[in-house]
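Novice: Attaching a single structure in structure tokens format; questions to follow.
The values are calculated or read from the model by the stated rules, or taken from the named source; none is laboratory data. All of these numbers come straight from a predicted model, not from anything done at the bench. Quick reminder, even Gly has a Cβ in these numbers, built from the backbone with ideal geometry, and neighbours come from all protein chains shown. With ligands, DNA and RNA removed, areas are computed over all heavy atoms of the protein, side chains included. Shrake-Rupley method; radii C 1.70, N 1.55, O 1.52, S 1.80 Å.
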Amino acid sequence: MAASGEALSESGFGAFYTEYYKRFVRYACYYVNDVPTAEDLTHDAILYYWENRRRLPADTDVLAYIMTTVRNRCLNHLKHLQVEVEYGRRYAELQEWEIRARIMTLEDGHYADIFAREIRHIVKRAMAGLPDETRYIFEQHRLKSRPRKEIAAELGVSLQKIDYHIRKANRHMYSELKDYSPLLAIFFQLFFA
């Protein structure tokens, strides 16, 4: 059987696979410590050799080539796991920080006041970008909870015009505040509930 020094034929490849597959899996499993993953990495490494065998030099040591490929795939797999673990750790730290910040905010009215002031400033800045009539209608309807009919009667306009201005204001506010939407949701729950 040709295992080193010459390329495998199609008929010899099946025998080679049968003879060496489990050895490669044991080698991979030593590093990744997971049999299904070791099997997948080994299978992929052997298949990679088979698909690229014609591009390799004729004197390629097939066992060494596949062993190196298995090793590299194990290394890549472990590096990927390391990145996932680091991401999970950082995500957990961020969640912990967010929870601590919320607790501090709820326990200390001073933080709540600063938070509310900042959100109000953001909303006012966004509202300043609205035309006067649209801003007035939006303030009366959304912030002061006045009925649309009452606003229409006050301004001497139709309900459709009131609805137009409310939709226009909603689109503008959404566009201006989309980056702040999680904060605004908390703000409106705390202060307008």
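Novice: Quick one: net charge around residue 40, please, counting Lys, Arg +1 and Asp, Glu -1 for every other residue with C-beta under 13 Å from its C-beta.
Specialist: Values: positive: 73; negative: 34, 39, 44.
Local net charge: -2.
Novice: Any chance you could run the full-extension gain for residue 125 through residue 143? It's 0.36 nm times the residue separation minus the Cα-Cα distance, nm to one decimal.
Specialist: Working it through step by step, the gained length comes to 5.0 nm.
Novice: Whenever you get a sec, line up 49, 30, 17 from highest to lowest accessible area (probe 1.4 Å, protein heavy atoms).
Specialist: 30, 17, 49
Novice: Ranked from the most accessible area to the least, with a 1.4 Å probe and all protein chains present, what is the order of 141, 165, 80?
Specialist: So, going from the largest accessible area down, we get 80, 141, 165.
Novice: Still on this model: Determine ³J(HN,Hα), in whole Hz, for all residues of region 153-160 in sequence, where each value follows from phi through the Karplus function 6.51 cos²θ - 1.76 cosθ + 1.60 and θ = phi - 60°; x replaces Gly and Pro.
Specialist: With the stated coefficients, region 153-160 comes to 5, 4, 8, x, 10, 7, 4, 4 Hz.
Novice: Roughly how many Å² of residue 9 are accessible to a 1.4 Å probe, to the nearest 10?
Specialist: It works out to around 60 Å².
Novice: 7 Å from Cα along Cα→Cβ at both residue 118 and residue 80: what's the point-to-point distance in nm?
Specialist: Taking the simple label geometry, residue 118 and residue 80 are separated by 3.9 nm.
Novice: For residue 107, what accessible surface area do you get with a 1.4 Å probe? Give it in Å², rounded to 10.
Specialist: 150 Å²
Novice: So what J values fall out for region 57-62 if you push phi through Karplus, 6.51 cos²θ - 1.76 cosθ + 1.60 with θ = phi - 60°, rounded to Hz, Gly and Pro as x?
Specialist: Once θ is set to phi - 60°, the couplings for region 57-62 become x, 4, 9, 5, 7, 4 Hz.
Novice: If R₀ is 35 angstrom, what is the calculated FRET efficiency for the pair residue 92 and residue 34, using the beta carbon separation as r and rounding to 0.05?
Specialist: Once the sixth-power term is evaluated, E becomes 0.95.
Novice: Express in Å², to the nearest 10, the accessible area of residue 84 obtained by rolling a 1.4 Å probe over the protein heavy atoms while all chains stay in place.
Specialist: Answer for residue 84: close to 100 Å² accessible.
Novice: Right, next: Could you let me know the centre-to-centre spacing of region 30-109 and region 124-142, using Cα atoms, in angstrom?
Specialist: 52 Å
Novice: Continuing with the same structure: So which aspartates and glutamates pass the test for residue 144, namely a Cα distance under 17 Å, with those fewer than 8 places away in the same chain ruled out?
Specialist: Hits, sequence-local ones excluded: 132, 133, 154, 163.
Novice: Taking θ = phi - 60°, what integer Hz values does the Karplus form 6.51 cos²θ - 1.76 cosθ + 1.60 yield along region 74-89, in sequence order, with x for Gly and Pro?
Specialist: Karplus values, whole Hz, x for Gly and Pro: 5, 4, 4, 4, 5, 5, 5, 4, 4, 5, 4, 5, 5, 4, x, 5.
Novice: Same structure, new question: Pairs 124/178; 124/149; 124/161: which exceed 21 Å Cα-Cα?
Specialist: Table pairs above 21 Å Cα-Cα are 124/149; 124/161.
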